[in-house]
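Below: the structure, in structure tokens.
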Amino acid sequence: MTVVKGADVVKEMMEELRQEVARLEAKGIHPCAKIVRVGDNPSCIAYGKGAAKKLESVGIQVTYATFPEDISQKDFLAEFRKINEDKDVHGILLLRPLPAQLDEKEISRVIDPRKDVDAISPINMYKVMIGDDTAFPPCTPEAVMRIIDHIGIDLTGKKVAIVGASMVVGRPLFLLMLNRNATCVQCHIYTKDLVAECKHAEIIVVAAGKQGLIRLEHVSPGATVIDVGINIGEDDKIHGDVDFDAVAPVTEYITPVPGGVGSVTSTVLAAHVVKAAKLLYEN
Ligand code: NAD
């Protein structure tokens, strides 16, 4: 059994990203992300700070646009379009949740898909579906794929159970896996026999948000288990969706929580900004 640490994946990615940023800088392209915030939601502020720190650590320039909590949809869209059109901005990170008067669906249709590094545009989801190389998949499922690549698993023909079917994790992950020729089963709250579906799988990825959902009985010996879940337990500590202590000994590879998928996600965002800068100005 090998515990796959997110930090090892991040280290590998950071080295590549710093080199790529230096290469772009040498050509006069300065990768830049705009973090857009409406109001003063503390979780948005905290998330924005964390993202900025990660982006800056690979040499990406971060600029900010903040708007009052009560901005109207019309005024916000007018400002957002200016950011969209700003040639110095390569990636846009819109912090959510947004105040109730703002229509996120409409905004997601306005964002330039080429700058949509956090994957809110339906065009990006379509690109993920057809396996287009210029897509920005949502960061968390891509983090799962980076971990799979770090381990060195060839997904061709592999039996994969994905537990969770949300638009941000489970569904796009299904498509990313399918694009690599895996045979996937998408499980969700209405799945009748989760044990049987998981037991069948060589790789189980869990993103359900339910502490202890995956137990020893779900996992076949030699399987790889990737835990996306983040739950605050009764002990006030962070736990995944997998009963790690029971499951780990029978796995070939397993990711911990914390210190697994979550730590890779923000590095994927940085990779997306660099990719956006490259696609916008190198071709
Ligand atoms: P969500 O609530 O939008 O979706 C949960 C999915 O799991 C749904 O499809 C639901 O049907 C399924 N599900 C719930 N209970 C189930 C059960 N008992 N059996 C089978 N399926 C079940 O959640 P989400 O946004 O996809 O997030 C899932 C988890 O991943 C959460 O714990 C979240 O905190 C975590 N997460 C982690 C990261 C990261 O970077 N590590 C990023 C996003 C989300």
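The values are calculated or read from the model by the stated rules, or taken from the named source; none is laboratory data. None of the values given here were measured: they were computed from a predicted structure. Cβ coordinates were reconstructed from backbone atoms using ideal geometry, including for glycine residues, and neighbour counts include every protein chain displayed.
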TODO: Residue by residue through the range 160-176, note down the ones that are buried (at least 19 other Cβ atoms within 10 Å of the Cβ) and within 15 Å of residue 206 (Cβ to Cβ).
DONE: 160, 161, 162, 163, 164, 169, 170, 171, 173, 174
Open item on the list: For the condition more than 22 Å from residue 262 (Cα to Cα), surrounded by fewer than 23 Cβ atoms within 10 Å (Cβ to Cβ), among the small types (Gly, Ala, Ser) and more than 17 Å from the chain's Cα centre (by Cα), what is the one hit in 152, 131, 157?
Closed with: 157
Task: Sole exception among (1) surrounded by fewer than 20 Cβ atoms within 10 Å (Cβ to Cβ); (2) acidic (Asp, Glu); (3) out of contact with any strand residue (DSSP E or B) (no Cβ under 9 Å at 6 or more places or on another chain) for residue 142, by number - done: (1)
Open item on the list: Can you tell me which residue is surrounded by the fewest Cβ atoms within 10 Å (Cβ to Cβ) among those in the range 239-275 that are more than 10 Å from the ligand (Cβ to nearest atom), small (Gly, Ala, Ser) and within 17 Å of residue 11 (Cβ to Cβ)?
Closed with: 259
TODO: State yes or no: is residue 46 among the aliphatic types (A, V, I, L, M) and either surrounded by 14 or more Cβ atoms within 10 Å (Cβ to Cβ) or closer than 23 Å to residue 114 by Cα (or both)?
DONE: no
Task: Sole residue being in contact with a helix residue (DSSP H, G or I) (Cβ under 7 Å, 6 or more places away or on another chain) and either in a loop (DSSP other than H, G, I, E, B) or loosely packed, with under 14 Cβ neighbours inside 10 Å (or both), chosen from 81, 37 - done: 81
TODO: Tell me, please, whether a residue that is farther than 20 Å from residue 140 by Cβ, free of Cβ contacts under 8 Å to residues at least 40 places away in the same chain and assigned to a strand (DSSP E or B) can be found in the range 6-18.
DONE: no
Open item on the list: Return the pair list, or none, for Cβ contacts closer than 8 Å from residues in the range 198-216 that are in contact (Cβ under 8 Å) with a residue 40 or more places away in the chain to residues that are among the hydroxyl-bearing types (Ser, Thr, Tyr) and near the ligand (Cβ under 10 Å from one of its atoms), at least 6 apart or on different chains.
Closed with: 207/140; 207/166
Open item on the list: Checking the conditions here, which among 128, 144, 117 is of a type in the set (Val, Ile, Thr), in a loop (DSSP other than H, G, I, E, B) and at pLDDT 95 or above?
Closed with: 117
- [ ] Collect the residues in the range 220-238 that are surrounded by 15 or more Cβ atoms within 10 Å (Cβ to Cβ) and either modelled with pLDDT under 95 or within 15 Å of the ligand (Cβ to nearest atom) (or both), keeping them in residue-number order.
- [x] 225, 226, 227, 228, 229, 230, 231, 238
- [ ] Considering only the range 177-191, state which residues are away from the ligand (no atom under 16 Å from the Cβ) and either among the basic types (Lys, Arg) or crowded, with 19+ Cβ neighbours inside 10 Å (or both).
- [x] 180, 182
